[in-house]
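Below is one structure, written out as structure tokens; comments come after it.
The values are calculated or read from the model by the stated rules, or taken from the named source; none is laboratory data. Just so it is clear, the structure is predicted and the values come from calculations on it, not from any experiment. Please note: Cβ atoms are built from the backbone with ideal geometry, for glycine as well, and neighbour counts cover all protein chains shown.
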Amino acid sequence: MTTQQHARGTAPGPATSRAEPRGIGFRDLADACLAQYTGRDKSLCARVGWWVERLGDTPVQDINDDLVFAALEAYASGEALRPAGKDVHGRLIMRGCGRPRSNASVNRMHAALGTLMRFA
């Protein structure tokens with residue numbers, strides 16, 4: 001193998017099957033982002049968790065505006081929640097308020113996804 005072959009990537013070698021890499025999954029991206037997050041928004045973790053529930057292991061490059069729009073519409077159609085105490089393990093219990101989520105709540109959820117995508 002010559003230096004020129006090595007530089008061009010045309011050096012002879014064993015034939016291998018090269019599968020197209022799918023890239024990083026959304027769940028892995030969320031974990032990496034939250035591990036480095038040092039901001040003041042204490043509820044970002046919960047919002048990112050909501051996105052992970054929806055998008056799971058979807059490769060980041062496969063996330064498009066239609067997928068995001070559908071998820072945000074589903075979120076907006078849900079009921080607003082309020083804290084209603086804690087369970088025996090100290091976790092917050094959330095109850096419905098009987099009214100739809102506000103536009104500001106939907107915008108905050110959208111901004112949380114934007115934080116993750118900027119991190120990518």
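For region 77-120, give me each residue that is in contact with a strand residue (DSSP E or B) (Cβ under 8 Å, 6 or more places away or on another chain) and basic (Lys, Arg). Within region 77-120, Arg82, Lys86, Arg95, Arg99, Arg101 meet the criteria. Among the conditions (1) farther than 20 Å from Ser43 by Cα; (2) touching a residue at least 12 places away in the same chain (Cβ under 8 Å), the only one that Ala70 does not satisfy is (2). The single condition from (1) modelled with pLDDT of 95 or more; (2) more than 12 Å from the chain's Cα centre (by Cα) that Lys42 fails is (1).
For Gly96, the requirement of being assigned to a strand (DSSP E or B), over 21 Å from Gln36 (Cβ atoms) and not hydrophobic (A, V, I, L, M, F, W, C) is met. For the residues Gly78, Gly98, the requirement of being more than 20 Å from Trp51 (Cα to Cα) and in contact (Cβ under 8 Å) with a residue 12 or more places away in the chain singles out Gly98. Residues in region 36-52 that are surrounded by 10 or more Cβ atoms within 10 Å (Cβ to Cβ) and not in a loop (DSSP other than H, G, I, E, B): 9 in all. When residues in region 99-108 are screened for being outside any strand (DSSP E or B) and either basic (Lys, Arg) or in contact with a His (Cβ under 7 Å, 6 or more places away or on another chain) (or both), 2 of them pass. Residues in region 91-110 that are surrounded by fewer than 11 Cβ atoms within 10 Å (Cβ to Cβ) and of a type in the set (D, E, K, R) were compared, and the one that is modelled with the highest pLDDT is Arg99. Pull up region 53-90, narrow it to residues that are within 19 Å of Ile24 (Cα to Cα) and surrounded by 13 or more Cβ atoms within 10 Å (Cβ to Cβ), then point me to the one that is farthest from the chain's Cα centre (by Cα). My answer is Leu67.
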